[in-house]
1. Of all residues in region A:1-11, how many are surrounded by 15 or more Cβ atoms within 10 Å (Cβ to Cβ) and at the interface with chain B (Cβ under 8 Å from one of its Cβ atoms)?
2. Suppose we filter A:LEU86, A:LEU21, A:LEU102, A:LEU63 for residues that are more than 16 Å from DNA strand C (Cβ to nearest atom), among the hydrophobic types (A, V, I, L, M, F, W, C) and outside the structural domain of A:ARG143 (by TED's automatic domain parsing); which single one remains?
3. Does region B:16-38 hold any residues that are within 11 Å of chain A (Cβ to nearest Cβ) and loosely packed, with under 14 Cβ neighbours inside 10 Å, and which are they?
4. Suppose we keep only residues that are closer than 27 Å to A:THR244 by Cβ and assigned to a loop (DSSP other than H, G, I, E, B) within region A:172-231. Which one would you say is modelled with the lowest pLDDT?
5. If a residue has to be closer than 30 Å to B:ASN117 by Cα, at pLDDT 90 or above and either touching an Asp or Glu at 6+ places or on another chain (Cβ under 9 Å) or surrounded by fewer than 19 Cβ atoms within 10 Å (Cβ to Cβ) (or both) to count, how many in region B:39-82 make the cut?
6. In region B:83-106, what residues are β-branched (Val, Ile, Thr) and surrounded by fewer than 22 Cβ atoms within 10 Å (Cβ to Cβ)?
7. Go through region B:21-43 residue by residue and tally those that are away from DNA strand D (no atom under 11 Å from the Cβ) and closer than 20 Å to A:GLY48 by Cα.
8. Here are B:ALA200, B:ALA186, B:ALA139: which of them is of a type outside the set (D, E, K, R) and either free of Cβ contacts under 8 Å to residues at least 60 places away in the same chain or surrounded by fewer than 14 Cβ atoms within 10 Å (Cβ to Cβ) (or both)?
Protein chains: 2
Amino acid sequence: MSALTNAIEILHCFSSARPDLSFADVMALTGKPKSSTSRLLRALRDCGLLEQDPHTRRYRPGLLTFELGRLHRAHDDLISMAERELREVCARTGHTGYIAVLDGCEQVVLRIVPGSNPLRVVNPPGQRTPALATSNGRAMLARLSDADIRARVPATYPKLPRNSPQNFKQLMTRLDEIRRTGISEAADESIEGVGSQGFALKSGETGEMIGIAVSYSVQATTAAERANVRRELAAMAAKLRRLTGDQLDQVVTRVQAGTR
Amino acid sequence: MSALTNAIEILHCFSSARPDLSFADVMALTGKPKSSTSRLLRALRDCGLLEQDPHTRRYRPGLLTFELGRLHRAHDDLISMAERELREVCARTGHTGYIAVLDGCEQVVLRIVPGSNPLRVVNPPGQRTPALATSNGRAMLARLSDADIRARVPATYPKLPRNSPQNFKQLMTRLDEIRRTGISEAADESIEGVGSQGFALKSGETGEMIGIAVSYSVQATTAAERANVRRELAAMAAKLRRLTGDQLDQVVTRVQAGTR
DNA sequence: CCAGGCGGTTCCAAAATTCGGAACCATGTC
DNA sequence: GACATGGTTCCGAATTTTGGAACCGCCTGG
């Protein structure tokens, strides 16, 4: 196991749920001996990937991650084009929009477009969620080959909220429906009372794929309003597919860094 | 040289000026042989620290840096408190506010508060600039010990814009003035026609230090207006120092990860 | 005021990884 | 068809990393 692997293992311990960690936390989470943890944390701190709170001695992501994270935003084109369209839809419907990418079997929120409705922002950028339990997560999965999907979903199917697919077969049924209709829908899954509809967009040029979704309160919307969202999304999908040269039938073969 | 060191060396090649790099760029910038570069780039890509554009084959910071960069924001307290105050000052004066940290002899912008005046945002968050040529950069340096300053400034004093201190002695004169008045001023330095005033804030609790500055067009402001900015800053500084327990006379001994 | 825990650091020999030169290869282009 | 670009793979030598153990400074509770 290389030094880099170890470093990454530590970095992966941080999440929105655990934005900072103590020495003991890191030891427990990685299962590494004290000396190795000590050396590695020091190395990561010295190089700016981590910072240490001088008072509590806890570790958190460092200045370097902040700088590089800003640069990652530059990788635009597809995302900013989608964001522009999403902004208009959100302005018209009042709902909240999300753009996310797939990483393994999880999705990471890249952009959020706050809506005007009282439903407040629940998934800030950087948030990582199981792709199986979100509308645009499943929309992205639906565009992969069955073999790829099988490889991404953990061998022991995870325990998901009640309305999410409960096993691999149910999942494939829902993905097939998405493949037919082009739109993915979720309700009362990751968050109780919250529903969303989304679709996946894949650049014909670079092959990168993003998920675009609109999220709303299930209680506060009528069936007619949800049908309207679906129409809006379908129109946005058609326009973006045309702009980006997305061939719907073409399956994604390789997605960057998404093995985990 | 450890694998981690090499990885960091590559990551440091990226900047706002060079947000993506080709294989050859990385080889040239690091001076490493082809095989090592190949292996390392692959490792970085596989672990999510870098991404590769499938079309151009160029490398850029990856999803993991985006996620961790968002978490870095969580490290708030001092910064968010300062941001709140700065927001009010910017609303009153119409100028643009910056919060930055010191890293070695450079500063990195953490937050920006856009003003209402036509002077547009010039330094987005994540931007790295020589601390010697900015008002809050010098304000932060002024709070270090002379020995620490000498250690941070490169042995061969860098070539700076005309109005910046041109050698170590001039620098120390300006820092002494900042130490006396508590406020740092710059005009026509990093950017022609742009002036700024700033100060450094150091948490009495954690010891971390940030720079807070207000930036304006030199042409479009009168001396009276600049004096007003100075009063506003002095008042904000006094308030924040009280809130954070900042003892002005106490010199910063160690600042995180700021050796480079 | 001593014991014990936390958060480390340092040491060392064994084990694992990295290093870099060289050969090779797939694409795209002149 | 030759050449450049952007890699990958191989291999022995050289360098790092590893983890157990001992040690240390600080703080807290008894």
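1. Counting residues in region A:1-11 that are surrounded by 15 or more Cβ atoms within 10 Å (Cβ to Cβ) and at the interface with chain B (Cβ under 8 Å from one of its Cβ atoms) gives 5.
2. None of the others qualify; the one that does is A:LEU63.
3. Once the filter is applied, which keeps residues that are within 11 Å of chain A (Cβ to nearest Cβ) and loosely packed, with under 14 Cβ neighbours inside 10 Å, region B:16-38 yields B:ALA17, B:ARG18.
4. My answer is A:GLU205.
5. Selection size over region B:39-82: 0.
6. Those that are β-branched (Val, Ile, Thr) and surrounded by fewer than 22 Cβ atoms within 10 Å (Cβ to Cβ): B:VAL89, B:THR93.
7. 2
8. Checking each option against the conditions leaves just B:ALA186.
The values are calculated or read from the model by the stated rules, or taken from the named source; none is laboratory data. If you're wondering where the values come from, they're calculated on a predicted model, not measured in any experiment. Because the Cβ atoms are built from the backbone with ideal geometry, glycine has one as well, and the counts that use them run over all protein chains shown.
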